[in-house]
Amino acid sequence: MTRYIKTGVILFLICAVCTALCALVNEVTAPRIAANTENDRLAALADVSGGFTIGEQVDVGDGSINYYIPLTDGSGIAGYIVELSTSGYGGAMTVVASYKSDGTLMEAKLTSNSETPGLGKKAEEGWYMDMFKGLGGSSPLPASKSDLSPEDNAAVSGASVTFGGVSSALISGSEFVKGLGGAV
Amino acid sequence: MSHIKELTKGIFKENPTFIIMLGMCPTLGVSTQVSNALGMGVSVIFVLTCSNIFISLLRKIIPDSVRIPSYIVIIASFVTIVEMVLHAFVPSVYEALGVYLPLIVVNCIILGRAEAFAGKNGVLDSALDGIGMGIGFTMSLSFIALIREIFGAGTITLFPVGSFSGVITIPGLSESPVRVLTLAAGALLLMGYLKAFFQWKTARGKGGEA
(Lines give C-alpha, C1' and ligand atoms only; values in the text may rest on other atoms or scores of the structure.)
Protein backbone atom coordinates (compact mmCIF):
# COMPACT_ATOMS: atom_id res chain seq x y z
CA MET A 1 0.00 0.00 0.00
CA THR A 2 2.80 2.42 0.97
CA ARG A 3 4.50 1.73 -2.36
CA TYR A 4 1.38 2.74 -4.30
CA ILE A 5 0.96 5.94 -2.26
CA LYS A 6 4.64 6.81 -2.74
CA THR A 7 4.38 6.22 -6.50
CA GLY A 8 1.22 8.35 -6.65
CA VAL A 9 2.84 11.21 -4.73
CA ILE A 10 5.93 11.15 -6.98
CA LEU A 11 3.78 11.20 -10.11
CA PHE A 12 1.70 14.04 -8.65
CA LEU A 13 4.81 16.09 -7.85
CA ILE A 14 6.25 15.58 -11.35
CA CYS A 15 2.94 16.68 -12.89
CA ALA A 16 2.69 19.69 -10.53
CA VAL A 17 6.21 20.92 -11.37
CA CYS A 18 5.63 20.45 -15.11
CA THR A 19 2.27 22.25 -14.93
CA ALA A 20 3.86 25.15 -13.01
CA LEU A 21 6.59 25.44 -15.66
CA CYS A 22 4.03 25.50 -18.48
CA ALA A 23 1.89 28.04 -16.60
CA LEU A 24 4.90 30.31 -16.11
CA VAL A 25 5.81 30.24 -19.81
CA ASN A 26 2.14 30.71 -20.76
CA GLU A 27 1.99 33.82 -18.56
CA VAL A 28 4.85 35.32 -20.59
CA THR A 29 3.79 34.19 -24.07
CA ALA A 30 -0.05 34.46 -23.96
CA PRO A 31 -0.27 38.27 -24.48
CA ARG A 32 2.20 38.08 -27.36
CA ILE A 33 0.30 35.17 -28.99
CA ALA A 34 -2.98 37.10 -28.65
CA ALA A 35 -1.39 40.18 -30.26
CA ASN A 36 0.03 38.06 -33.13
CA THR A 37 -3.38 36.44 -33.69
CA GLU A 38 -5.12 39.83 -33.80
CA ASN A 39 -2.51 41.22 -36.22
CA ASP A 40 -2.95 38.18 -38.47
CA ARG A 41 -6.73 38.64 -38.38
CA LEU A 42 -6.49 42.32 -39.31
CA ALA A 43 -4.01 41.54 -42.10
CA ALA A 44 -6.35 38.83 -43.44
CA LEU A 45 -9.32 41.25 -43.37
CA ALA A 46 -7.29 43.85 -45.29
CA ASP A 47 -6.18 41.18 -47.81
CA VAL A 48 -9.72 40.04 -48.62
CA SER A 49 -11.45 43.46 -48.44
CA GLY A 50 -10.78 44.14 -52.14
CA GLY A 51 -10.20 47.84 -51.49
CA PHE A 52 -13.67 48.43 -50.01
CA THR A 53 -14.19 50.12 -46.64
CA ILE A 54 -14.36 47.59 -43.78
CA GLY A 55 -17.38 48.21 -41.52
CA GLU A 56 -18.27 47.11 -37.99
CA GLN A 57 -18.05 43.46 -37.02
CA VAL A 58 -21.37 41.68 -36.34
CA ASP A 59 -20.99 38.48 -34.27
CA VAL A 60 -22.99 35.45 -35.39
CA GLY A 61 -21.41 32.40 -33.72
CA ASP A 62 -23.81 29.80 -35.13
CA GLY A 63 -21.11 27.13 -35.46
CA SER A 64 -19.67 27.60 -38.93
CA ILE A 65 -20.11 31.42 -39.21
CA ASN A 66 -18.17 33.32 -36.53
CA TYR A 67 -18.95 36.88 -37.62
CA TYR A 68 -19.52 39.06 -40.66
CA ILE A 69 -18.40 42.57 -41.57
CA PRO A 70 -20.16 44.71 -44.22
CA LEU A 71 -17.97 46.13 -46.99
CA THR A 72 -19.03 49.49 -48.29
CA ASP A 73 -18.16 51.72 -51.19
CA GLY A 74 -19.39 55.30 -51.67
CA SER A 75 -22.92 54.19 -52.65
CA GLY A 76 -23.70 51.51 -50.05
CA ILE A 77 -23.10 47.83 -49.26
CA ALA A 78 -20.64 46.29 -51.75
CA GLY A 79 -20.30 42.92 -50.04
CA TYR A 80 -19.37 41.17 -46.84
CA ILE A 81 -16.36 39.64 -45.14
CA VAL A 82 -17.28 36.44 -43.30
CA GLU A 83 -15.08 34.49 -40.88
CA LEU A 84 -15.82 30.79 -41.14
CA SER A 85 -14.91 27.86 -38.90
CA THR A 86 -14.36 24.48 -40.47
CA SER A 87 -12.26 21.37 -39.95
CA GLY A 88 -9.47 19.81 -41.98
CA TYR A 89 -7.10 16.87 -41.59
CA GLY A 90 -5.22 18.53 -38.70
CA GLY A 91 -8.32 19.75 -36.86
CA ALA A 92 -10.02 23.16 -36.70
CA MET A 93 -9.38 25.67 -39.50
CA THR A 94 -10.47 29.29 -39.94
CA VAL A 95 -11.23 30.82 -43.33
CA VAL A 96 -11.76 34.54 -43.92
CA ALA A 97 -13.67 35.24 -47.14
CA SER A 98 -15.25 38.22 -48.86
CA TYR A 99 -18.41 37.92 -50.96
CA LYS A 100 -20.51 40.18 -53.15
CA SER A 101 -24.08 40.61 -51.91
CA ASP A 102 -25.25 37.86 -54.32
CA GLY A 103 -22.91 35.31 -52.66
CA THR A 104 -20.13 35.45 -55.28
CA LEU A 105 -16.74 34.86 -53.66
CA MET A 106 -14.34 37.78 -54.14
CA GLU A 107 -11.31 36.76 -52.02
CA ALA A 108 -10.57 34.11 -49.41
CA LYS A 109 -7.71 33.26 -47.10
CA LEU A 110 -7.04 30.27 -44.85
CA THR A 111 -5.79 31.63 -41.54
CA SER A 112 -5.39 29.41 -38.46
CA ASN A 113 -4.94 25.72 -39.24
CA SER A 114 -2.79 22.69 -38.38
CA GLU A 115 -2.72 21.09 -41.81
CA THR A 116 0.17 18.94 -43.00
CA PRO A 117 3.10 20.91 -44.49
CA GLY A 118 3.42 20.18 -48.21
CA LEU A 119 -0.13 18.79 -48.45
CA GLY A 120 -3.04 20.55 -46.70
CA LYS A 121 -0.86 23.60 -46.01
CA LYS A 122 -1.01 24.36 -49.75
CA ALA A 123 -4.44 25.86 -49.00
CA GLU A 124 -2.60 28.87 -47.50
CA GLU A 125 -1.06 29.69 -50.88
CA GLY A 126 -2.66 32.33 -53.11
CA TRP A 127 -3.37 30.06 -56.10
CA TYR A 128 -5.47 27.69 -53.97
CA MET A 129 -8.34 30.14 -53.46
CA ASP A 130 -8.29 31.09 -57.17
CA MET A 131 -10.20 27.81 -57.73
CA PHE A 132 -13.17 29.31 -55.87
CA LYS A 133 -13.05 33.00 -56.84
CA GLY A 134 -15.95 34.34 -58.92
CA LEU A 135 -18.14 31.37 -57.97
CA GLY A 136 -21.02 31.10 -55.51
CA GLY A 137 -23.39 33.54 -57.26
CA SER A 138 -24.81 32.34 -60.57
CA SER A 139 -22.22 29.50 -60.78
CA PRO A 140 -22.00 27.12 -57.79
CA LEU A 141 -18.84 26.74 -55.70
CA PRO A 142 -17.15 23.31 -56.09
CA ALA A 143 -18.47 20.97 -53.38
CA SER A 144 -16.06 18.12 -54.12
CA LYS A 145 -12.84 17.46 -56.03
CA SER A 146 -14.86 16.00 -58.92
CA ASP A 147 -16.29 19.49 -59.57
CA LEU A 148 -12.78 20.82 -60.31
CA SER A 149 -10.88 20.92 -63.59
CA PRO A 150 -8.36 18.06 -64.05
CA GLU A 151 -5.46 20.46 -63.34
CA ASP A 152 -7.00 21.78 -60.11
CA ASN A 153 -8.01 18.25 -59.11
CA ALA A 154 -4.38 17.13 -59.48
CA ALA A 155 -3.14 20.18 -57.57
CA VAL A 156 -5.20 19.35 -54.47
CA SER A 157 -4.55 15.59 -54.58
CA GLY A 158 -3.28 14.19 -51.29
CA ALA A 159 -5.24 16.77 -49.31
CA SER A 160 -8.90 15.91 -50.00
CA VAL A 161 -9.97 16.47 -46.37
CA THR A 162 -8.51 20.00 -46.40
CA PHE A 163 -10.21 20.74 -49.71
CA GLY A 164 -13.55 19.45 -48.38
CA GLY A 165 -13.21 21.63 -45.26
CA VAL A 166 -12.37 24.77 -47.22
CA SER A 167 -15.06 24.25 -49.89
CA SER A 168 -17.83 23.46 -47.36
CA ALA A 169 -16.92 26.59 -45.37
CA LEU A 170 -16.95 28.78 -48.50
CA ILE A 171 -20.30 27.33 -49.59
CA SER A 172 -21.89 28.00 -46.18
CA GLY A 173 -20.43 31.52 -46.24
CA SER A 174 -21.94 32.13 -49.69
CA GLU A 175 -25.37 30.86 -48.54
CA PHE A 176 -25.15 33.04 -45.42
CA VAL A 177 -24.38 36.15 -47.48
CA LYS A 178 -27.27 35.39 -49.85
CA GLY A 179 -29.51 35.22 -46.76
CA LEU A 180 -28.38 38.68 -45.66
CA GLY A 181 -29.79 40.09 -48.90
CA GLY A 182 -27.62 43.19 -48.86
CA ALA A 183 -28.67 44.22 -45.33
CA VAL A 184 -26.29 45.46 -42.63
CA MET B 1 33.66 7.19 -22.38
CA SER B 2 34.81 10.80 -22.05
CA HIS B 3 32.38 13.71 -21.96
CA ILE B 4 33.46 14.84 -25.43
CA LYS B 5 32.60 11.43 -26.87
CA GLU B 6 29.11 11.69 -25.33
CA LEU B 7 28.69 14.96 -27.21
CA THR B 8 30.07 13.85 -30.57
CA LYS B 9 28.68 10.32 -30.80
CA GLY B 10 25.23 11.58 -31.87
CA ILE B 11 26.66 13.67 -34.67
CA PHE B 12 28.34 10.88 -36.68
CA LYS B 13 28.90 7.48 -35.01
CA GLU B 14 25.37 7.11 -33.61
CA ASN B 15 23.60 9.66 -35.79
CA PRO B 16 19.88 9.31 -34.91
CA THR B 17 18.66 9.67 -38.51
CA PHE B 18 21.18 7.77 -40.61
CA ILE B 19 22.57 5.21 -38.14
CA ILE B 20 19.96 4.57 -35.41
CA MET B 21 17.07 5.44 -37.80
CA LEU B 22 14.97 7.23 -35.18
CA GLY B 23 12.58 10.16 -35.76
CA MET B 24 11.81 9.21 -39.36
CA CYS B 25 8.30 10.71 -39.35
CA PRO B 26 9.31 14.37 -38.80
CA THR B 27 12.42 13.80 -40.94
CA LEU B 28 10.29 12.89 -43.94
CA GLY B 29 7.49 15.34 -43.16
CA VAL B 30 9.36 18.54 -42.33
CA SER B 31 12.37 18.29 -44.64
CA THR B 32 10.66 20.14 -47.52
CA GLN B 33 12.38 23.45 -46.68
CA VAL B 34 15.69 24.23 -44.97
CA SER B 35 14.06 26.80 -42.64
CA ASN B 36 11.54 24.20 -41.45
CA ALA B 37 14.35 21.70 -40.83
CA LEU B 38 16.33 24.24 -38.80
CA GLY B 39 13.23 25.21 -36.79
CA MET B 40 12.39 21.60 -36.03
CA GLY B 41 16.06 20.82 -35.28
CA VAL B 42 16.45 23.63 -32.75
CA SER B 43 13.13 22.62 -31.11
CA VAL B 44 14.31 19.01 -30.81
CA ILE B 45 17.71 20.09 -29.38
CA PHE B 46 15.92 22.12 -26.69
CA VAL B 47 13.39 19.41 -25.79
CA LEU B 48 15.97 16.60 -25.90
CA THR B 49 18.51 18.45 -23.75
CA CYS B 50 15.98 19.69 -21.17
CA SER B 51 14.14 16.36 -20.91
CA ASN B 52 17.46 14.46 -20.63
CA ILE B 53 18.60 16.76 -17.80
CA PHE B 54 15.26 16.50 -15.96
CA ILE B 55 15.01 12.73 -16.35
CA SER B 56 18.61 12.22 -15.29
CA LEU B 57 18.03 14.38 -12.19
CA LEU B 58 14.93 12.38 -11.27
CA ARG B 59 16.20 8.93 -12.29
CA LYS B 60 16.68 7.74 -8.70
CA ILE B 61 13.30 9.13 -7.58
CA ILE B 62 11.05 7.92 -10.41
CA PRO B 63 9.80 4.37 -9.65
CA ASP B 64 10.63 1.90 -12.41
CA SER B 65 6.96 0.91 -12.83
CA VAL B 66 5.88 4.44 -13.83
CA ARG B 67 9.02 5.65 -15.60
CA ILE B 68 7.48 5.79 -19.10
CA PRO B 69 4.44 7.93 -18.07
CA SER B 70 6.78 10.17 -16.07
CA TYR B 71 9.11 10.59 -19.05
CA ILE B 72 6.15 11.41 -21.31
CA VAL B 73 4.85 14.07 -18.88
CA ILE B 74 8.29 15.70 -18.73
CA ILE B 75 8.81 15.55 -22.52
CA ALA B 76 5.27 16.82 -23.25
CA SER B 77 5.83 19.77 -20.90
CA PHE B 78 8.98 20.86 -22.70
CA VAL B 79 7.28 20.42 -26.09
CA THR B 80 4.39 22.61 -24.86
CA ILE B 81 6.92 25.24 -23.74
CA VAL B 82 8.66 25.18 -27.15
CA GLU B 83 5.27 25.41 -28.87
CA MET B 84 4.24 28.47 -26.83
CA VAL B 85 7.61 30.21 -27.31
CA LEU B 86 7.65 29.63 -31.09
CA HIS B 87 3.99 30.70 -31.39
CA ALA B 88 4.78 33.94 -29.56
CA PHE B 89 8.19 34.87 -30.92
CA VAL B 90 8.70 33.01 -34.26
CA PRO B 91 5.13 32.59 -35.60
CA SER B 92 6.32 31.86 -39.16
CA VAL B 93 8.27 28.79 -37.98
CA TYR B 94 5.36 27.79 -35.72
CA GLU B 95 2.98 27.90 -38.70
CA ALA B 96 5.41 26.08 -40.99
CA LEU B 97 6.02 23.21 -38.54
CA GLY B 98 2.28 22.75 -38.02
CA VAL B 99 1.29 19.40 -36.60
CA TYR B 100 4.90 18.16 -36.43
CA LEU B 101 5.67 20.50 -33.54
CA PRO B 102 3.33 18.89 -30.97
CA LEU B 103 4.31 15.52 -32.44
CA ILE B 104 7.84 16.00 -31.01
CA VAL B 105 6.26 14.42 -27.89
CA VAL B 106 6.18 11.08 -29.69
CA ASN B 107 9.48 11.55 -31.54
CA CYS B 108 11.32 8.28 -30.93
CA ILE B 109 14.65 10.09 -30.46
CA ILE B 110 13.40 11.90 -27.33
CA LEU B 111 11.84 8.91 -25.56
CA GLY B 112 14.57 6.64 -26.91
CA ARG B 113 17.38 8.72 -25.36
CA ALA B 114 15.40 9.13 -22.10
CA GLU B 115 14.99 5.37 -21.79
CA ALA B 116 18.38 4.29 -23.14
CA PHE B 117 20.62 6.99 -21.71
CA ALA B 118 19.24 9.72 -19.42
CA GLY B 119 17.48 7.23 -17.12
CA LYS B 120 20.81 5.47 -16.46
CA ASN B 121 23.47 8.21 -16.56
CA GLY B 122 24.51 11.39 -14.78
CA VAL B 123 23.23 14.89 -15.51
CA LEU B 124 26.30 16.19 -17.41
CA ASP B 125 26.57 13.15 -19.66
CA SER B 126 22.80 13.19 -20.29
CA ALA B 127 22.88 16.88 -21.20
CA LEU B 128 25.81 16.30 -23.59
CA ASP B 129 24.02 13.27 -25.07
CA GLY B 130 20.91 15.41 -25.65
CA ILE B 131 22.88 18.22 -27.27
CA GLY B 132 24.91 15.83 -29.45
CA MET B 133 21.91 13.77 -30.58
CA GLY B 134 19.95 16.98 -31.21
CA ILE B 135 22.77 18.44 -33.31
CA GLY B 136 23.09 15.16 -35.21
CA PHE B 137 19.34 15.16 -35.90
CA THR B 138 19.40 18.84 -36.97
CA MET B 139 22.36 18.29 -39.32
CA SER B 140 20.73 15.25 -40.94
CA LEU B 141 17.37 16.95 -41.25
CA SER B 142 18.93 20.10 -42.74
CA PHE B 143 21.06 18.03 -45.15
CA ILE B 144 18.00 16.13 -46.42
CA ALA B 145 15.98 19.37 -46.62
CA LEU B 146 18.79 21.10 -48.52
CA ILE B 147 18.91 18.37 -51.19
CA ARG B 148 15.10 18.14 -51.42
CA GLU B 149 14.61 21.90 -51.69
CA ILE B 150 17.47 22.57 -54.12
CA PHE B 151 16.48 19.80 -56.55
CA GLY B 152 12.74 19.72 -55.81
CA ALA B 153 12.00 23.46 -55.86
CA GLY B 154 15.21 25.17 -57.04
CA THR B 155 15.34 27.31 -53.90
CA ILE B 156 17.00 27.45 -50.47
CA THR B 157 14.65 28.93 -47.86
CA LEU B 158 16.33 30.45 -44.82
CA PHE B 159 15.06 33.16 -42.48
CA PRO B 160 14.46 36.75 -43.68
CA VAL B 161 17.03 39.25 -42.34
CA GLY B 162 16.71 42.95 -43.16
CA SER B 163 16.38 43.38 -46.93
CA PHE B 164 17.16 39.67 -47.53
CA SER B 165 13.85 37.86 -48.17
CA GLY B 166 15.23 34.56 -46.89
CA VAL B 167 14.81 32.72 -50.19
CA ILE B 168 17.78 31.97 -52.47
CA THR B 169 16.66 31.01 -55.98
CA ILE B 170 18.89 28.69 -57.98
CA PRO B 171 18.85 29.58 -61.69
CA GLY B 172 18.01 26.66 -63.96
CA LEU B 173 16.64 24.41 -61.21
CA SER B 174 13.86 26.79 -60.15
CA GLU B 175 12.35 26.68 -63.66
CA SER B 176 12.47 22.91 -64.08
CA PRO B 177 12.78 21.25 -60.65
CA VAL B 178 12.59 17.51 -59.89
CA ARG B 179 9.14 17.79 -58.28
CA VAL B 180 9.07 14.23 -56.92
CA LEU B 181 11.68 15.21 -54.33
CA THR B 182 9.23 17.58 -52.63
CA LEU B 183 6.70 14.74 -52.24
CA ALA B 184 6.75 12.04 -49.55
CA ALA B 185 7.81 9.42 -52.13
CA GLY B 186 10.84 11.54 -53.05
CA ALA B 187 11.76 11.88 -49.39
CA LEU B 188 11.70 8.11 -48.96
CA LEU B 189 13.79 7.58 -52.10
CA LEU B 190 16.38 10.14 -50.93
CA MET B 191 16.48 8.63 -47.44
CA GLY B 192 17.14 5.22 -48.99
CA TYR B 193 20.08 6.50 -51.04
CA LEU B 194 21.54 8.46 -48.12
CA LYS B 195 21.17 5.48 -45.77
CA ALA B 196 22.95 3.29 -48.35
CA PHE B 197 25.75 5.87 -48.63
CA PHE B 198 26.25 6.11 -44.85
CA GLN B 199 26.10 2.30 -44.54
CA TRP B 200 28.83 2.06 -47.19
CA LYS B 201 30.91 4.71 -45.42
CA THR B 202 30.53 2.95 -42.05
CA ALA B 203 31.42 -0.44 -43.53
CA ARG B 204 34.48 1.06 -45.23
CA GLY B 205 35.53 2.69 -41.97
CA LYS B 206 35.37 -0.67 -40.22
CA GLY B 207 37.33 -2.31 -43.04
CA GLY B 208 34.37 -4.55 -43.94
CA GLU B 209 32.62 -5.23 -47.23
CA ALA B 210 31.87 -1.93 -48.95
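The values are calculated or read from the model by the stated rules, or taken from the named source; none is laboratory data. Everything numeric in this text was worked out from a predicted model, so none of it was measured. Because the Cβ atoms are built from the backbone with ideal geometry, glycine has one as well, and the counts that use them run over all protein chains shown.
One residue stands out in region A:112-133 among those that are touching a strand residue (DSSP E or B) at 6+ places or on another chain (Cβ under 8 Å), of a type outside the set (A, V, I, L, M) and more than 10 Å from chain B (Cβ to nearest Cβ): the one that is surrounded by the fewest Cβ atoms within 10 Å (Cβ to Cβ), namely A:K133. Got at least one residue in region B:63-78 being touching a Pro at 6+ places or on another chain (Cβ under 9 Å) and more than 29 Å from A:K6 (Cβ to Cβ)? Scanning region B:63-78, I find no residue that is touching a Pro at 6+ places or on another chain (Cβ under 9 Å) and more than 29 Å from A:K6 (Cβ to Cβ), so the answer is no.
Which residue is farthest from the other protein chains (Cβ to nearest Cβ), if the candidates are limited to region B:171-201 and must be under 10 Å from B:R148 (Cα atoms) and in contact (Cβ under 8 Å) with a residue 40 or more places away in the chain? It comes out as B:L190. Looking at this structure, is A:G91 farther than 13 Å from A:F163 by Cβ, within 11 Å of chain B (Cβ to nearest Cβ) and small (G, A, S)? So A:G91 passes the test. Here A:A155 passes the criteria (1) touching a strand residue (DSSP E or B) at 6+ places or on another chain (Cβ under 8 Å); (2) within 14 Å of chain B (Cβ to nearest Cβ); (3) under 24 Å from B:T182 (Cβ atoms) except the one numbered (1).
State all residues of region A:27-40 that are facing chain B (nearest Cβ under 7 Å) and buried (at least 16 other Cβ atoms within 10 Å of the Cβ); if no residue qualifies, say none.
Passing the criteria: A:T29, A:I33, A:N36.
Every residue, every condition in (1) at the interface with chain B (Cβ under 10 Å from one of its Cβ atoms); (2) under 30 Å from B:D64 (Cα atoms); (3) touching a helix residue (DSSP H, G or I) at 6+ places or on another chain (Cβ under 8 Å), yes or no:
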| site | (1), (2), (3) |
| --- | --- |
| A:C22 | yes, yes, yes |
| A:L42 | no, no, no |
| A:G55 | no, no, no |
| A:T72 | no, no, no |
| A:G76 | no, no, no |
| A:Y99 | no, no, yes |
| A:A108 | no, no, yes |
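All conditions in (1) within 10 Å of the chain's Cα centre (by Cα); (2) within 13 Å of another protein chain (Cβ to nearest Cβ); (3) within 21 Å of B:K120 (Cβ to Cβ) hold for B:P26, with the sole exception of (3). Listed by first and then second residue, the pairs with beta-carbon distance under 8 Å, at least 6 apart or on different chains, first residue in region A:85-109 and on the phi > 0 side of the Ramachandran plot, second surrounded by fewer than 20 Cβ atoms within 10 Å (Cβ to Cβ) and charged (D, E, K, R), are A:G103/A:E175; A:G103/A:K178. Listed here are the helices (runs of 4 or more DSSP H) enclosed by region B:1-60 that have at least 3 residues being out of contact with any strand residue (DSSP E or B) (no Cβ under 9 Å at 6 or more places or on another chain) and closer than 16 Å to B:I110 by Cα: B:24-30, B:34-57.
Between B:K5, B:K120, the distinction of being charged (D, E, K, R), surrounded by fewer than 22 Cβ atoms within 10 Å (Cβ to Cβ) and at pLDDT below 90 belongs to B:K5 only.
Among the candidates A:S112, A:S98, A:S75, A:S87, which residue alone is modelled with pLDDT under 90, small (G, A, S) and under 13 Å from the mean Cα position of the chain (by Cα)?
A:S112
Residues in region B:12-33 that are within 26 Å of B:S92 (Cα to Cα) and in contact with an Asp or Glu (Cβ under 8 Å, 6 or more places away or on another chain): 2 in all. Any chance region A:25-37 includes a residue that's modelled with pLDDT under 90 and more than 30 Å from B:R67 (Cβ to Cβ)? Looking through region A:25-37, at least one residue is modelled with pLDDT under 90 and more than 30 Å from B:R67 (Cβ to Cβ).
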